[in-house]
Amino acid sequence: MPLKFLTDEQVEHFLERGHVTLRGCFPREVAREWTNRAFVRLGYDRNDAATWQEKRIHMPSLEHVDVKEFAPAVWDAACDLLGGEERIQQPYRWGDGFICNLGIGADRAWEPPSAQVKGWHKDGDFFCHFLDSPEQGLLTLVLWTDIAPQGGGTFVACDSVPVVARFLAEHPEGVRPNEFDFKELVGQCHDFIEATGEAGDVVLLHPYVLHATSQNHGGLARLITNPPIHLREPMNFNRADATDFSLVERAVLRGLGVEKLDFVPTAPRERIVPERVKKQQGVIDAEKARLAAAGVA
């Protein structure tokens, strides 16, 4: 399938290491506006870490933008990775549901990325996982603040796609979010990085990439979002024309060591309502009240 945006080098990097990094996808000034508003919502002073009562916060989304207009390079790269925009559920939107790392683990000695770090996981607490699940065509890390080394950058297990692919292929009945043995899975991995960069950068990741929260020793707030890209239909690992495989599908097949696979789920697909979603309405009401009190629209 012809590519419109990604280079051959980026394609091979994605196939081998599960991700591609895009620099400067939206203006730093916009990122600053969004994150300033986030601190008003939290009731924290951005410039006074003493006001940061919680170190790990997953905020709900109040506002959204269409990525096709807001960050067209990200949209073009996603289309290349997923086999064309006709396969993507639209609109693909980003919200301001920031994941805030306000000094997690700053009181402990730095632990570099490795299989021994706690918290490795595969995203997707809202559905039962199959090898071909359409709920996550791609994962994204959207950097809304600069992230220096040891500054809270997400840890990524770059060789985890084959590991997760084999596990899911062995479970056609599906795997619920709480049924993964992530310690065992990440124990098979050896290629780890810390995702650093500047506000406006975006990392597109294969949906099977394992990742983990890192410590933030930088003394600065780290805000990211990680909205998944949904597919219109489940992935297809048995296409009649091999050139029709998306790069995400090709990475799975490469990880399994096969050219094609006739995968058929043996149980119904299932959506799950996570506990975090049930708790968010009260948080939304409190944040809106702070914005109104501050005169922020």
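Just so it is clear, none of the values below were taken in a lab; they were calculated from the coordinates. These numbers come from a predicted model, not from an experiment. Reconstructed Cβ throughout: ideal geometry from the backbone, glycine too, with neighbour counts over all protein chains shown.
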Legend entry - For the chain, with +1 on Lys and Arg beta carbons and -1 on Asp and Glu, the positive-most of GLN136, GLY119, LEU42 along the dipole: LEU42
Inset, instruction - Assuming a ≥ b ≥ c are the square roots of the Cα gyration tensor eigenvalues, decide whether segment 196-297 counts as rounded (a/c under 1.5), prolate (otherwise, with a/b larger than b/c) or oblate. - result: prolate
Inset, instruction - Starting from the Cα of LYS4, step 7 Å along the direction of its Cβ; do the same at GLN116; then give the gap between the two resulting points in nm. - result: 4.7
Inset, instruction - List the relative contact order of segment 129-249 as a percent without decimals, with contacts defined as Cα pairs under 8 Å and 6+ residues apart. - result: 49
Legend entry - Segment GLU12-HIS171, extension gain: residue separation times 0.36 nm, minus the distance between their alpha carbons: 54.5 nm
Inset, instruction - For segment 150-194 and segment 1-53, write down the distance between their C-alpha centroids in whole Å. - result: 22
Legend entry - Environment charge of PRO177, counting only residues whose C-beta is closer than 13 Å and scoring Lys/Arg +1, Asp/Glu -1: -3
Legend entry - Computed over the chain: relative contact order in percent, which uses C-alpha pairs under 8 Å that are six or more apart: 30
Legend entry - Among (1) 1.03; (2) 0.96; (3) 0.93, the entry derived from the coordinates for Rg/Rh (Cα atoms, Kirkwood Rh): (2)
Inset, instruction - Averaging over all projection directions, find the projected area of the Cα convex hull of segment 146-209 and quote it in nm² with one decimal place. - result: 5.2
Inset, instruction - Name the shape class, rounded, prolate or oblate, that the alpha-carbon gyration tensor gives for segment 18-122, where a ≥ b ≥ c are the square roots of its eigenvalues, rounded holds for a/c under 1.5, and otherwise prolate holds if a/b is larger than b/c and oblate otherwise. - result: oblate
Legend entry - Distance between modelled label sites at PHE70 and ASP107, nm, 7 Å Cα→Cβ extension: 3.5
Legend entry - Spacing of the two label points (7 Å from each Cα toward its C-beta) at ARG232 and ARG254, in nm: 2.6
Legend entry - Ranked packing of 77-88, 174-185, 133-144, most packed first, by mean Cβ within 10 Å: 133-144, 77-88, 174-185
